[in-house]
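Take a look at the structure set out below.
The values are calculated or read from the model by the stated rules, or taken from the named source; none is laboratory data. Everything quoted here is computed from the prediction, not taken from an experiment. Cβ: placed from backbone, ideal geometry, glycine included. Neighbour counts: every protein chain shown.
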There are 4 protein chains.
Amino acid sequence: MKFSFKNDYSEGCHPNILQALLQSNFEQQAGYGEDEYSLQAKKLIKEKIKNPDSEVYLVSGGTQANLIVISSILRPYQCVISAAPGHILNNETGAIEATGHKVLSIDTADGKLRPSDIIPVLESHGNIPHQVMPKLVYISNSTELGTIYLAKELEELSNFCRDKGLYLFMDGARLGHGLTSEISDLTLEKVGELTDVFYLGGTKNGALIGEAIVINNKALQQDFAFNIKQKGALLAKGRLLGIQFMELMKDDLYFDLAKHANIQAMKIKNVMKERGVQFLSDTYTNQIFPIISNELIEILSEHFEFYVWKKIDERSSAIRLITSWNTGDEPVDRFIEIIKKEL
Amino acid sequence: MKFSFKNDYSEGCHPNILQALLQSNFEQQAGYGEDEYSLQAKKLIKEKIKNPDSEVYLVSGGTQANLIVISSILRPYQCVISAAPGHILNNETGAIEATGHKVLSIDTADGKLRPSDIIPVLESHGNIPHQVMPKLVYISNSTELGTIYLAKELEELSNFCRDKGLYLFMDGARLGHGLTSEISDLTLEKVGELTDVFYLGGTKNGALIGEAIVINNKALQQDFAFNIKQKGALLAKGRLLGIQFMELMKDDLYFDLAKHANIQAMKIKNVMKERGVQFLSDTYTNQIFPIISNELIEILSEHFEFYVWKKIDERSSAIRLITSWNTGDEPVDRFIEIIKKEL
Amino acid sequence: MKFSFKNDYSEGCHPNILQALLQSNFEQQAGYGEDEYSLQAKKLIKEKIKNPDSEVYLVSGGTQANLIVISSILRPYQCVISAAPGHILNNETGAIEATGHKVLSIDTADGKLRPSDIIPVLESHGNIPHQVMPKLVYISNSTELGTIYLAKELEELSNFCRDKGLYLFMDGARLGHGLTSEISDLTLEKVGELTDVFYLGGTKNGALIGEAIVINNKALQQDFAFNIKQKGALLAKGRLLGIQFMELMKDDLYFDLAKHANIQAMKIKNVMKERGVQFLSDTYTNQIFPIISNELIEILSEHFEFYVWKKIDERSSAIRLITSWNTGDEPVDRFIEIIKKEL
Amino acid sequence: MKFSFKNDYSEGCHPNILQALLQSNFEQQAGYGEDEYSLQAKKLIKEKIKNPDSEVYLVSGGTQANLIVISSILRPYQCVISAAPGHILNNETGAIEATGHKVLSIDTADGKLRPSDIIPVLESHGNIPHQVMPKLVYISNSTELGTIYLAKELEELSNFCRDKGLYLFMDGARLGHGLTSEISDLTLEKVGELTDVFYLGGTKNGALIGEAIVINNKALQQDFAFNIKQKGALLAKGRLLGIQFMELMKDDLYFDLAKHANIQAMKIKNVMKERGVQFLSDTYTNQIFPIISNELIEILSEHFEFYVWKKIDERSSAIRLITSWNTGDEPVDRFIEIIKKEL
């Protein structure tokens, strides 16, 4: 079978997790997230954030995290602001709207939001009460285009949001990759300080399932568990989530895994760049979007699986390559070899 | 007080309606739309549409009509397609999303939708089941920009929708104005034939309140009354809606009133056009959007109320003027006089 | 045609209202409730409540008022407590659940709620976060069974709710009848003091449409207008609501009309009682539920329309008779005459 | 630590599942349920049902399954009928109402529904369109009280539902236990034939997470996957669900595990019964509700964890004991020993 660079959820989980599942399997534990492992995992996460006010909640997946967080925060007439490539806008089957809330889309070149992107939206939503009220800014880090927020950018956005009475929510399905990017100067601690809510994605970084929602704004913590249960996201065997995050948080395994994924992607990127390949966006995480000829796409397709992301012109397209915590050197080297041979 | 060209709902209702309310006031009538007047009004509307399969339902307002129709038709994962200036997108406080459905926005120059506008949306929503399923096309006639659909345009759109399995829903808050425009070749009969659902707006054309929803697609009629009740739109004294539409439908009063509004707007438009004024959109209904200098805006503002719609440059803006069934000659003549004097 | 005692919304409106509609018809007024009449009506209502913190909002009907108020107040996981005969439980097509909220039903003999009815519900809803959180108590006055709250009863319930962190909401579709009942010692002022929200029903007491929602709890007023608009309840010609409540509030017309309805019902009740008729509930408002023989039902049905409410045994049923602001002496006298003859 | 009889989700999963996770861990598999394991698991389930029209969908938990199935089937104004102890009524934080649908509660002694229970509900919901329309009957097997449906009972209910145009949905969180009860004459095949939708619960019978929804009614299968995604239930690593159900379905492991749980409970039940203990309901599955003295409760509590379910009088209460696929002989024997000693 061909090696797949299609996504970062093709394999199972980090072996430590399976080991821990085996070891704990026959223990009786309390249900619904009251087990020792969940408590321990939450403790570890809070220690890393260094914000004693933060609370942690474990759920199964990204769409689930997004819809629970957003529907929990907003009043019926309030809406979300998202960059146009935002996952909630394009890839969640209207999950947010299904909870009753509009998502306003903002076109941005790199998938990131800046105060200057948001100001016109606020200005065009002043016809009270005939329009939805923008109340929550949704961003992702790394973004759906592989780009990241620098510390200064997040600070500016955070200050802007607080100034305007907007909540700031960071989708962290690939937060590990965002924070361990070679160009990142942002830390988990800083994220905990600058956002109202964010989550640490496990599914795309070593877990079988699981996202750890972190609510930093105390006012938003009240009764949050009710929302988790109501949306069908409270696992009876919460230990499954607890064990995974406990293992991932030990000794920074979570960040090591993400860093590895980034490094593997950068190896390919750098070789292509040296050979003059252009990229759809300038990324330093585990997603790269090289623009290559149809012929090269055909040759690579014989050996690898990946998405043809966007047609550029009659002769070339951008492809998307994603590496993961488990992408070994062998497929990367083989890929590079072909590039070197063909370009 | 200054005369207002701000909207077409500033006055009460056509005198015939008040007369009918007076005459019938002490009669006992069945509640919840089962009164004689509602039955008679529905009968008159069906006769005009000449589609024996159509059913008519009377509700109070446009936002109410839009949210009931759309939430009644769509399954939870299905969404609406609307032109960017669509009322449901901008001026209904997220009423459609509040019923669980996304509204996809399409940029168009004139507020109208054509098959070529919709095709790319369908093409970019094929990632089953990760994306909402476009299922209903929402248009308005006349549009929020005052433009209208010609018969051939509506036919093309209708055929396209049927071909693609999309429902076609026409917001007719200003349907009277659309159909009686001097350039319109569309008839009520044709609208009944080419749309799955539409409504005849009363509020902006002679009634106190009221829109008559017409469902032409028999499959969409099933249990529709439940939706009206559930959304709080079933008036106990349904006679109030029945009497209004009965009067408006007698002897084509509804269309005479709309035509009058159009004519008053065209008088102003033609004078401005002769003097070289540009317009934001080329309209032939009761809304016009002339682009005039800040100085002229100031002069007109001393005598009239109207909205400054859109800043064009440092020296000029488009204003919006709306006439109604009740806009007399006097304010129109006075407005024209100033134009003639100043331009 | 037979005279109908089926309900209190069979006729049009009080003549003063039609007169005011006629007089104001050609004035230009601001839209969406910003007209002078709405402002004046709200002012009059606030003066009568004597609570300077209260805010008034005008909408079209009772189901609409109920769903807007409840969905505006509750967070997604919170629910309503209602007596079993509550209108929101039985006659609104699931309107409250359609906004996402459960309604818990409590069996009570007389349609009223007391703290002792509510305590067991609170006690059985402590399995956090696996159960909905009771947060709002919904009552009606007069109730669906025609009974009323005495001042002391409402005080006890209000204190209990405040003590337990529950909001108290009074459906006042027939509040006029409740307050003017011969046994009532409750005042509008007191209702404004003891409830978080209530409404003054117009539809069943002299208006064509309209309920005046009064929010006494300042925290619940924030952004309330957005909810009205989002649910499709903001009339473009808000003057229609304003004019009606302005007229009804002048010189206590609203209460005079309700009192008249009560008196007409009591005339019939007293005659039946004297003749030993039993009643389903002991009411002193415009609804009575006498239990009579099938033969008498048949005789009365030849002359009047009314609902056979509940079968009691093979030989008798309770019927429901409702009188209104417009029920004259003639039908009442005729009804009494038959009773006197037959019993 | 004390052994817990509190529930059937205290331990991890059957060892075969962990073994299969280990073996497959580094394989690359398609995401979102398109992996080989999910396909294989679905094939095995369909073979056991022997209904070629049935389709299988894997989700994470019971509340999630319930809310997706119900919201997918019903139109906005339609509601569910459930026995009063139904899980959706009491233990899911209003998850069904949060999707917009009312759940009507029917009191029954044993947690089961019969046509005679449902008929009065249909009869009292005929005031069209003022009431919700009952459209789906929700049952569980085994029920929340541990009781089960016999083949003849399910047949009668199924015929009734088809006759009345109602959908029949069986919550199978404990379907294994229901079908392997010593008194059960119902088969999986029969369940597939008699219900429109049901699910095979994994969480409470050997899996870490997972319920396999089976839709037998072809009309209800259309676009169902959209609903799964929209509600946040489509796992990126669907293999986690696929592997579990593949293992559970091999060689009837699923049913062997459930049978074991039932047997362990019956051992305790029989000993207690011999000694004259009364039970809250007469169950033959893995849940028993013996009524014992406060003294005995205290003694047992020193050695075991369990819920005191319902106070019977001042001197005794019913307790709930639940056994699972993993309840060994040792704790059961110890429990029996105490019973024998004390009674």
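The table for this structure:
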read-out: Unique match (being at the interface with chain A (Cβ under 9 Å from one of its Cβ atoms) and crowded, with 24+ Cβ neighbours inside 10 Å) among D:Leu248, D:Leu234, D:Leu241; value: D:Leu234
read-out: C:Gln29 vs. criteria at pLDDT 95 or above, within 9 Å of chain B (Cβ to nearest Cβ) and farther than 22 Å from B:Ser24 by Cα; value: yes
read-out: Residue count, segment B:30-46 (criterion: buried (at least 22 other Cβ atoms within 10 Å of the Cβ) and among the charged types (D, E, K, R)); value: 2
read-out: Residues (in a helix (DSSP H, G or I) and farther than 14 Å from C:Asn270 by Cβ) located in segment C:311-343; value: C:Asp329, C:Glu330, C:Pro331, C:Arg334, C:Glu337, C:Ile338, C:Lys341, C:Glu342
read-out: Candidate set from segment D:1-18 (those that are part of a helix (DSSP H, G or I) and in contact with an Asp or Glu (Cβ under 8 Å, 6 or more places away or on another chain)); member that is nearest to B:Ile128 (Cα to Cα); value: D:Ile17
read-out: Residues of segment C:77-105 satisfying the condition of being closer than 22 Å to B:Ser72 by Cα and assigned to a loop (DSSP other than H, G, I, E, B); value: C:Asn91, C:Glu92, C:Thr93, C:Gly94, C:Thr99, C:Gly100, C:His101, C:Lys102
read-out: Odd one out for D:Glu144, checked against (1) under 13 Å from the mean Cα position of the chain (by Cα); (2) surrounded by 21 or more Cβ atoms within 10 Å (Cβ to Cβ); value: (2)
read-out: Flag if A:Gly232 is under 22 Å from A:Tyr284 (Cα atoms) and not in a helix (DSSP H, G or I); value: no
read-out: Filter result (under 18 Å from D:Glu274 (Cα atoms) and touching a residue at least 12 places away in the same chain (Cβ under 8 Å)) within segment D:301-336; value: D:Ala318, D:Ile319, D:Leu321, D:Val332, D:Arg334, D:Phe335, D:Ile336
read-out: Residue within segment D:103-117 that is farther than 19 Å from C:Ile88 by Cα, buried (at least 24 other Cβ atoms within 10 Å of the Cβ) and either within 14 Å of chain C (Cβ to nearest Cβ) or under 22 Å from the mean Cα position of the chain (by Cα) (or both) present; value: yes
read-out: Selected residue [buried (at least 24 other Cβ atoms within 10 Å of the Cβ) and among the charged types (D, E, K, R)] from C:Glu27, C:Glu92, C:Glu55; value: C:Glu92
read-out: Checklist (1) more than 14 Å from chain C (Cβ to nearest Cβ); (2) surrounded by fewer than 23 Cβ atoms within 10 Å (Cβ to Cβ); (3) not β-branched (Val, Ile, Thr) applied to B:Asp223, failing item; value: (1)
read-out: Residues satisfying the stated conditions in segment C:274-292, i.e. outside any loop (DSSP other than H, G, I, E, B) and surrounded by fewer than 15 Cβ atoms within 10 Å (Cβ to Cβ); value: C:Glu274, C:Gln278
read-out: Of all residues making up segment D:5-24, the number that are within 7 Å of another protein chain (Cβ to nearest Cβ), over 20 Å from the mean Cα position of the chain (by Cα) and surrounded by 18 or more Cβ atoms within 10 Å (Cβ to Cβ); value: 3
read-out: Qualifying residue in segment D:74-88 (condition: more than 24 Å from D:Glu189 (Cα to Cα), among the polar types (S, T, N, Q) and assigned by TED's automatic domain parsing to the domain that holds D:Leu168); value: yes
read-out: The one condition in (1) of a type outside the set (Val, Ile, Thr); (2) more than 30 Å from C:Glu92 (Cβ to Cβ); (3) out of contact with any Ser or Thr (no Cβ under 6 Å at 6 or more places or on another chain) that D:Ser10 fails to fulfil; value: (3)
read-out: Residue that is surrounded by the fewest Cβ atoms within 10 Å (Cβ to Cβ), among those in segment A:293-333 that are more than 21 Å from the chain's Cα centre (by Cα) and within 20 Å of A:Ser142 (Cα to Cα); value: A:Lys310
read-out: Helices (runs of 4 or more DSSP H) fully within segment C:123-226 counting 2 or more residues that are more than 30 Å from B:Leu22 (Cβ to Cβ) and among the charged types (D, E, K, R); value: C:151-164, C:188-194
read-out: Residues satisfying the stated conditions in segment A:106-122, i.e. among the hydroxyl-bearing types (Ser, Thr, Tyr) and either outside any loop (DSSP other than H, G, I, E, B) or over 22 Å from A:Asp171 (Cβ atoms) (or both); value: A:Ser116
read-out: Unmet criterion (only one of (1) within 11 Å of another protein chain (Cβ to nearest Cβ); (2) buried (at least 19 other Cβ atoms within 10 Å of the Cβ); (3) at negative phi) for A:Arg75; value: (2)
read-out: Odd one out for A:His177 among (1) surrounded by 24 or more Cβ atoms within 10 Å (Cβ to Cβ); (2) modelled with pLDDT under 95; value: (2)
read-out: Checklist (1) within 17 Å of C:Ile213 (Cβ to Cβ); (2) in a loop (DSSP other than H, G, I, E, B); (3) touching a residue at least 40 places away in the same chain (Cβ under 8 Å); (4) within 14 Å of chain B (Cβ to nearest Cβ) applied to C:Val69, failing item; value: (2)
read-out: Among the candidates D:Gln28, D:Gln23, D:Gln64, D:Gln40, residue that is outside any loop (DSSP other than H, G, I, E, B) and without any contact (Cβ under 8 Å) to a residue 24 or more places away in the chain; value: D:Gln23
read-out: Pairs with Cβ under 7 Å, 6+ apart, first in segment C:80-100 and more than 10 Å from chain D (Cβ to nearest Cβ) and without any contact (Cβ under 8 Å) to a residue 40 or more places away in the chain, second surrounded by fewer than 24 Cβ atoms within 10 Å (Cβ to Cβ) and outside any helix (DSSP H, G or I); value: C:Ala84/C:Ser105; C:Ala84/C:Ile106; C:Ala84/C:Asp107; C:Ala84/C:Thr108
read-out: Odd one out for C:Gly276 among (1) under 20 Å from C:Thr147 (Cβ atoms); (2) modelled with pLDDT of 95 or more; (3) not aliphatic (A, V, I, L, M); value: (1)
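Each row is one residue, and each column tells you yes or no for (1) more than 20 Å from B:Ile228 (Cα to Cα); (2) not aliphatic (A, V, I, L, M).
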| residue | (1), (2) |
| --- | --- |
| B:Lys2 | yes, yes |
| B:Asn7 | yes, yes |
| B:Cys13 | yes, yes |
| B:Gln23 | yes, yes |
| B:Phe26 | yes, yes |
| B:Lys42 | no, yes |
| B:Lys50 | yes, yes |
| B:Ser60 | no, yes |
| B:Ile68 | no, no |
